[in-house]
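Novice: One structure is given below, represented as structure tokens, and several questions about it will come after.
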Amino acid sequence: MSDILQRVEFITSLLSEKKAEDIECIDMRDKPYITRYVIIATAMVGRHTYALLDMLRTELKAQGEQFYGVDEESEDWVIVDLGDIMIHIFTENHRKKFNLEEFLKKDLIHS
């Protein structure tokens, strides 16, 4: 799966099928950021966060995706680095607390 938009759509559909909520994809291509797309999803509870991560590992590796890094120290916020796509899976309280969407949607170029 080489086209990045197809990959993003595939990832968001996987998350949706496994009951992730409020899935959002943020296009970062025009901003000075470390990745081209950021996908943010909410897990129902901490164990669901890990279940989503396990499912992504299984499904995406089967599609040939390379995992450059995974931060899974906390069940409240898991990060998957696929290079040009970054996936954040939060529990609801942590997603509200860190409000990553607001940060990413701001103009990251400061004058």
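We did not get these values from a lab; they are worked out from the coordinates using the rules stated. Bear in mind that the values here come from a model prediction, so they are computed numbers and not experimental data. All Cβ positions, glycine included, derive from the backbone under ideal geometry; neighbour counts span all protein chains shown.
Novice: Eight or more residues apart or on different chains, and alpha-carbon atoms under 25 Å: count the Lys pairs in region 4-105 matching that.
Specialist: Taking region 4-105 as the scope, the lysine pair count is 12.
Novice: First select every other residue whose beta carbon is under 13 angstrom from the beta carbon of Arg57; then total the charges, Lys and Arg +1, Asp and Glu -1. Kindly include the intermediate steps, with their values, before the conclusion.
Specialist: On the way: positive: Lys18, Lys61; negative: Asp54, Glu59, Glu65, Glu72, Asp81.
So the surrounding residues net to -3.
Novice: Quick one, what does Rg over Rh come out to for the chain if you take C-alpha atoms and the Kirkwood Rh?
Specialist: With Rg and the Kirkwood Rh in hand, the quotient comes to 0.95.
Novice: Springs between alpha-carbon pairs under 10 angstrom, Gaussian network model over the chain: which of Arg29, Arg57, Arg95 fluctuates most?
Specialist: Arg29
Novice: Still on this structure, I have one more. Just how far, in whole angstrom, is region 42-111 from region 6-31 if you go by their alpha carbon centroids?
Specialist: 10 Å
Novice: Related question: Based on the alpha-carbon gyration tensor of region 59-111, what equivalent-ellipsoid semi-axes (square roots of 5 times the eigenvalues) come out, in whole Å, largest first?
Specialist: Equivalent ellipsoid semi-axes, largest first: 23, 17, 8 Å.
Novice: What size of dipole, in debye to the nearest 20, comes out for the chain about its Cα centre when the only charges are +1 on Lys and Arg C-beta atoms and -1 on Asp and Glu C-beta atoms?
Specialist: Numbers: 14 positive and 22 negative charges, 13 e Å.
Dipole size: approximately 60 debye.
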